[in-house]
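Working notes, structure below.
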Amino acid sequence: MVHNEAAAADVLVAGAGPVGLTAAAELRRRGISCRIVDRLPARLPYAKAVGIQPRTLEIWDRMGFVRAALEAAVPMRGQLTYVNGVEQPRLDLVLPPEVPYRFAALPQYETERIIEGFLEGFGTRVERGSELVSFVQDADGVTCRLTTPAGEEEVRTRFLVGCDGAHSVVRKGLGLAFEGGAFPEEYMLADVELDWDLPYGYAVRAMHHDARGAVDDVLVCIPLPGACRYRVSMSVPPELSTAAPTGADAVAHGLEGGRAPELRHIQAVVDRMSPQPATASALRWSSVFRISHRLVDRYGRGRVFVAGDAAHIHPPTGAQGMNTGIQDAWNLAWKLALAVEGAGAPGLLASYEAERRPVGQEVVGRTVRQAAEGVQADPEGADTLMMRQAQLLVGYRGSPLVQADPEDGDGAGPRPGDRAPDCGGLSGHIAAYPMRLYDLLRGREHMLLLYGPGPELDGLAELASVVRGHAPGRVEVCAILAEAGPEAEADAGRAAPVPVYRDGRGEFARMYGVREPAAFVVRPDGYLGARLCPPTLSGLEAHFSAVFGSGS
């Protein structure tokens, strides 16, 4: 066995799907040394996870590569539903105008290509054909054993992140429970062209109900980039059906090898279920898959963590799985970066499980319910349901890492732990065009936003000094002035030791629910860590001590 000290890294990521790639890219973007390994020799050309939620696009905006995704994806405008051949009310995917991105569809292999290209810009490549087979951790790090094309290798790393899927070696090595169940049905999945003339950008769900009202046949088609191209899923015919795997470690979830449906199998279902006569053609790939629903009892132990399918699996209803996993990785990566640099508070890494496991639990429960009853059967109102499907309501209120909600004012605007919403209409001293708040946040870490009219910013220098003293180089500060005349703006700009922007249209004040001086701490993952109305030195000190520790 080779002991490769030169190839050691601060973090080893096992698994190079979208979740592992996100973790590695975020670590490298922050200057943390990282290796990422994957047992497959190349990316799989399968359109497995397709739906891209608006929140994921916000993440990619913050990371810096959203444009590549927008250019490669197609819009998801809604869903057409048919029951026994009868069209049901159309579901349109509509979000409030202040949300910067809409729903999209992008094949998983394209998602992986884009994130992998971004990662390579930091000099890190996926080590293909290399698999983590075991690990042992101690107080100072993790010793990992890999099998690689060159043989066995032993690597020492400070942290290990398991993004290695439903059959995770990392999860099993930690001895984590993975409780849940499996659906008895099997499905076919394929990437084909359909020559119908149904509206562009709409998914199609056609169901047949038997005499008792139960669904006994189904066809689901999700649009993909390309003319008339869809990822289709449907029930498996008897000739392709097999028994589910059994055994203590068996997890019946995902694509299964050895049984590739042919075009004739796909066409038979299209002939039965399509709302229009259609021919399936240009088959790129096909597979049989099963669905389980499981959740780990813990998201990590010591220096080892799990994310994505290694932590939670569930039905693909509403395209929640990959998007949830990407948020797992994003949440964990910025905290690992601080831990590696010795700049994190003692409870920082523990907040990963405290924040993300409740999200995983909610997603598993909701997708299982929706798989049985349909998305429209959800008891929430249509607007709330749409925001939840878009993952814009994911939040961490009550997390040990966010400030307790002071319940200032009338309760309007986001609270600590909520997603920091975008807004437009911000202007600076030089740029002649209005900017979005997300333009100011892009590529940055913690950001302290100080809001108020010009005369109220007299204490800005002191507040900025306190912040910089707690976390030198780790927190940026900018001021946002209420709508004011150019003289007040110029006076504030001359006096302020930080960039100053004007809320010319009042959008920031409306979206954040403030009229008086206030301070908002936006975390690296785009959530509010603190809301202080009015800003106080003690409040800022308390919050940053929870993140960076008192000795930062």
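Net length available on complete extension from residue 120 to residue 84 is 8.0 nm, with 0.36 nm assigned per residue and the Cα-Cα distance removed.
Using just its DSSP H runs of length 4 or more, each adding -39500 (n - 2.57), the chain gives a mean residue ellipticity at 222 nm of -8500 deg cm²/dmol after division by all residues.
To the nearest ten degrees, helix 350-373 and the longest principal axis of the Cα atoms of the chain are 40 degrees apart. Compared with the dominant principal axis of the Cα atoms in the chain, helix 54-63 is inclined by about 50°. Treating the angle as unsigned and between 0 and 90°, give the value, to the nearest 10°, between the Cα long axis of helix 108-120 and the longest Cα principal axis of the chain. With both axes taken from Cα atoms, the answer is about 40 degrees. For the chain, the fraction of 1.4 Å probe accessible surface lying on carbon and sulfur atoms is 52 percent. Diffusion of region 265-373 by Stokes-Einstein, at 20 °C in a medium of 1.002 mPa s and with Rh set to the Kirkwood radius over alpha-carbon pairs, works out to 129 µm²/s.
What is the extension gain from residue 382 to residue 147, computed as 0.36 nm multiplied by their sequence separation minus the C-alpha to C-alpha distance, in nm to one decimal?
Details: separation 235, 0.36 × 235 = 84.60 nm, distance 4.96 nm.
Taking residue 382 through residue 147 to full extension adds about 79.6 nm, to one decimal.
For region 104-125, the residues whose amide N sits under 19 Å from a probe point set 7 Å from the Cα of residue 71 along the beta carbon direction are 104-122.
When 475, 136 are compared by accessible area of protein heavy atoms, the largest-first order is 136, 475, using a 1.4 Å probe.
Might you report the magnitude of the Cβ-based charge dipole of the chain about its Cα centre, with Lys and Arg at +1 and Asp and Glu at -1, to the nearest 20 debye? Intermediate values should be presented prior to the final figure.
Numbers: 55 positive and 69 negative charges, 139 e Å.
Dipole about the Cα centre, nearest 20: 660 debye.
Solvent exposure of residue 548, expressed as accessible area, is near 10 Å², computed with a probe of 1.4 Å over the protein chains only. Under the simplified labelling scheme, the residue 404-residue 200 pair shows an inter-label distance of 5.5 nm, with each label point 7 Å from Cα along Cα→Cβ.
Taking all protein chains together and a probe of 1.4 Å, list 328, 297, 140 from the most accessible to the least accessible. Can you show the working numbers first?
Values: 328 0, 297 65, 140 115 Å².
Most to least solvent-accessible, the answer reads 140, 297, 328.
You can think of it this way: the chain between residue 215 and residue 138 has 22.6 nm of extra reach, that is 0.36 nm per residue less the Cα-Cα gap.
Would you mind getting the accessible area per residue of the chain, heavy atoms of the protein chains only, 1.4 Å probe, in Å²?
Working: 22220 Å² over 552 residues.
With the other protein chains kept in place, the chain gives 40 Å² per residue.
Residue 541 sits with roughly 80 Å² accessible to a 1.4 Å probe, with DNA, RNA and ligands left out of the calculation.
Entry note, region 1-148: relative contact order of 30 percent, from Cα contacts under 8 Å with a spacing of 6+ residues. Relative contact order of region 83-211, taken over Cα pairs closer than 8 Å and 6 or more residues apart, is 22 percent. Across the protein chains, with a 1.4 Å probe defining accessible surface, the residues 48, 335 rank 48, 335 from largest area downward.
Of 146, 115, 83, which is farthest along the charge dipole of region 71-182 in the positive direction, counting Lys and Arg as +1 and Asp and Glu as -1 at C-beta? It is 83.
Normalising by the residue count of the chain, find the relative contact order in percent from Cα pairs under 8 Å and 6+ residues apart. Relative contact order for the chain comes out at 15 percent.
If you look at the Cα atoms of region 137-245, you get an Rg and a Dmax of 21.9, 63 Å. Ligands, DNA and RNA aside, residue 209 has an accessible area near 60 Å² when probed at 1.4 Å.
The values are calculated or read from the model by the stated rules, or taken from the named source; none is laboratory data. From a predicted model like this one, the values you see are computed outputs, not experimental measurements. Positions of Cβ are generated from backbone atoms using ideal geometry, with glycine treated the same way; all protein chains shown enter the neighbour counts. Heads up: the accessible areas ignore ligands, DNA and RNA and are worked out on the full protein's heavy atoms, side chains in. Shrake-Rupley method; radii C 1.70, N 1.55, O 1.52, S 1.80 Å.
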